[in-house]
Number of protein chains: 12
Amino acid sequence: MPNSVYKKVDFVGVSPNSISEAINNAIAHAATTEKVTWFEVVEMRGHVEEGKVTQYQVILKVGFRVGP
Amino acid sequence: MPNSVYKKVDFVGVSPNSISEAINNAIAHAATTEKVTWFEVVEMRGHVEEGKVTQYQVILKVGFRVGP
Amino acid sequence: MPNSVYKKVDFVGVSPNSISEAINNAIAHAATTEKVTWFEVVEMRGHVEEGKVTQYQVILKVGFRVGP
Amino acid sequence: MPNSVYKKVDFVGVSPNSISEAINNAIAHAATTEKVTWFEVVEMRGHVEEGKVTQYQVILKVGFRVGP
Amino acid sequence: MPNSVYKKVDFVGVSPNSISEAINNAIAHAATTEKVTWFEVVEMRGHVEEGKVTQYQVILKVGFRVGP
Amino acid sequence: MPNSVYKKVDFVGVSPNSISEAINNAIAHAATTEKVTWFEVVEMRGHVEEGKVTQYQVILKVGFRVGP
Amino acid sequence: MPNSVYKKVDFVGVSPNSISEAINNAIAHAATTEKVTWFEVVEMRGHVEEGKVTQYQVILKVGFRVGP
Amino acid sequence: MPNSVYKKVDFVGVSPNSISEAINNAIAHAATTEKVTWFEVVEMRGHVEEGKVTQYQVILKVGFRVGP
Amino acid sequence: MPNSVYKKVDFVGVSPNSISEAINNAIAHAATTEKVTWFEVVEMRGHVEEGKVTQYQVILKVGFRVGP
Amino acid sequence: MPNSVYKKVDFVGVSPNSISEAINNAIAHAATTEKVTWFEVVEMRGHVEEGKVTQYQVILKVGFRVGP
Amino acid sequence: MPNSVYKKVDFVGVSPNSISEAINNAIAHAATTEKVTWFEVVEMRGHVEEGKVTQYQVILKVGFRVGP
Amino acid sequence: MPNSVYKKVDFVGVSPNSISEAINNAIAHAATTEKVTWFEVVEMRGHVEEGKVTQYQVILKVGFRVGP
């Protein structure tokens, strides 16, 4: 296994529907510019209105290869 | 943006069906007495019987405005 | 197992005699208004005078059922 | 030193002007209903608009005596 | 309530479909040899290919009774 | 000092009487199969009924030598 | 509330005068290229010479919207 | 309340008998040279021989006034 | 850059007026005996009377060179 | 990618010579009974005699596949 | 000391040979585009095959000046 | 095993060459005044110039016996 270098960047995915969709939104966005190979969930939170969750917010670390 | 004060209270939502339902149960309860505006997931755990999850338990911090 | 909701509140029990008594003091107080079912020790500290512990302080999270 | 019991509650103080004012707002509010004797800063964050901080948010644990 | 002893072991459940299925896989495996009674989620991460999550990985602590 | 390898396993000792007895129960059990040489307290919690602690639960990491 | 994606980046603001100015410096810089909407204080430290603080260093997570 | 300065130092109290005695040993030692006013428990561990705890080790932060 | 060794000591600065003054008090004291070169804020807390902060307490790690 | 399950176990590798050798010792031992595929360093410590490190101790989480 | 702003980015250095080389690989890569001035080790892990470490992975925070 | 008391002090070892040498430097210094018996690595960081690590900095807790 040769040398290599990866980068990890924090994204916050947001979805009105579910935790999964929030994760997918963040990864889909990150993948538009980088070749993402893994993610780690850092935190989950959300917005509430009139006793209902109206927004799921998932903070992720997203990892992708940057070198050689 | 004027001054204001919020309070955060720990709730544990419990559901036999899913993490999402456990979150919703906690928030629905909290919203019966307070105007909840956000939540943060602190911990997720559950009860197991005969190799099946029979109860999802999600510890949340629930935030709501208390003044002024 | 049906849905249910619990609340967790931070109490600090104080005793001149022991860690156990400090825990018991906090729980006995909490139980005067709520049906406490569990506790978690968060932190233990104390006051010292002339080289002797004169006060044990135990920070607890106390859990009790609030719904339904 | 006799037995006693304290409670700790999370408040979020908000101020457009400074961290200090955010702390003071939370404590002043808490003190309207409880005899607050100490606070601990848990987290500091804020809102930004057009490159300026428009809101300081300080999450505090506020402690007050509840028993005997 | 008599004395008893429990053990907690770290498992990583993996699923191509969802966080829930990853949790269930880990617990179903652990339950083949032990009488599991609870779990705690420690970490959630996953593998990504071409902008899609292809694997959910959930690290759990799984608890079961070992004595007396 | 030659090479050697140790293993650490999480046990939860439970006692109706005290934190100390809960620690001793976990260690006595672990020592039936392994040559335990140290422990670390990870967490302390308990069960409460009618305002009394009816069960102390202490989570320990227990260490023992496994190699050479 | 539709889907969206945010990014969080760590900045260290430095000021010879105060914690506030260190925060403002980091945010003003970040805002030259991104539409910053919030920050979180991660760590505060500083440099000392001859018994005086000559530099305040505040590590911040700065959040801004990157997607849709 | 005027200005003042305190120092916190880590001590490890050791006792063959109990957690309490380990705490007391550390504080009694620290108090031979400093006017200790509080302590915080950081960690509890111990040594085990033949299935019995033969040594309790409690890591404490001990606080005392050093200035004006 | 040659070898060298630094030491870090925990101080608690106290001030009736502000967080900054509490930091400065701790550093000024430490600098009377050591050549302090940096500090890290570990914790911020305070005392409250009649709804006003009467004492800011800042726990710092203070670093200074001890060798060679 | 199909379902699968991994287990993580804490080992402490010990070596009189280096951190690397301590890691290798723990992994070589674990690999005698399990098909280890990864490790995570949890903690590094050591024993000192007469101002020299005589033993490096590295606590690792070691991961291996246990299921299907 | 004038105002300035630094940025911290997470890199993962990978090497088949050693922790040091993994650190160096990450820093060498980061330094191709930024004037790196410091790093902090966040986590160390690795890949294992047939009882040997075949890959060291070191997660670093890398710091460099971005402003004025 | 009789009573005893240990003290833990934070040192930062610095070396231009390696993590090991940084650890050794801190311990050798501490051992000039105290009978050090163990150390724990708390943090590893370093200084970088022109894409090369020019200084390794290791923060250690160093333990030594102070009483009876």
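Annotations
- Chain A's nearest residue to the axis relating it to E, judged by Cβ and reported with the distance in whole Å, is A:Ile19, 4.
- R0 of 30 Å, Cβ-Cβ distance J:Ser18-H:Val42: FRET efficiency to nearest 0.05: 0.55
- Pairs of lysines in segment C:5-67 whose Cα atoms sit within less than 16 Å of one another amount to 5, provided the residues are eight or more positions apart or on different chains.
- Taking amide hydrogens as placed 1.01 Å from N in the peptide plane, the amide H of G:Ser18 sits under 5 Å from those of G:Tyr56, each at least 5 positions away in sequence or on another chain.
- Loop-located trypsin sites (Lys or Arg not before Pro) in chain H, at most 15 other Cβ atoms within 10 Å (DSSP): H:Lys35
- Summing +1 for each Lys or Arg and -1 for each Asp or Glu among the other residues whose beta-carbon sits under 9 angstrom from that of E:Gln57 gives 0.
- Selection from D:Val53, D:Ser20, D:Phe39, by position along the positive dipole direction of chain D (Cβ): D:Phe39
- Less than 5 angstrom separates the built amide H of B:Ala31 from none of the residues sequence-distant by 5 or more or on a different chain.
- Global form of chain F, assessed from the alpha-carbon gyration tensor, a/c cut-off 1.5: prolate
- Gap separating the Cα centres of segment B:1-35 and chain I, nearest whole Å: 38 Å
- Relative contact order of segment K:5-67, pairs being alpha-carbon contacts under 8 Å that are 6 or more residues apart, as %: 48 percent
- Residue-count net charge about I:Ala28 - beta-carbon cut-off 11 Å; Lys, Arg +1, Asp, Glu -1: -1
- Evaluated with a Cβ-only charge set (Lys, Arg +1; Asp, Glu -1), chain B carries a dipole of roughly 340 debye about its Cα centre, given to the nearest 20.
- Candidates per GluC sites (Glu not before Pro) in chain G, loop by DSSP, up to 11 other Cβ within 10 Å: G:Glu50
No value in this document is a laboratory result; all are computed from the given coordinates. Remember, it's a predicted structure, so these values are computed and weren't measured experimentally. Cβ coordinates were reconstructed from backbone atoms using ideal geometry, including for glycine residues, and neighbour counts include every protein chain displayed.
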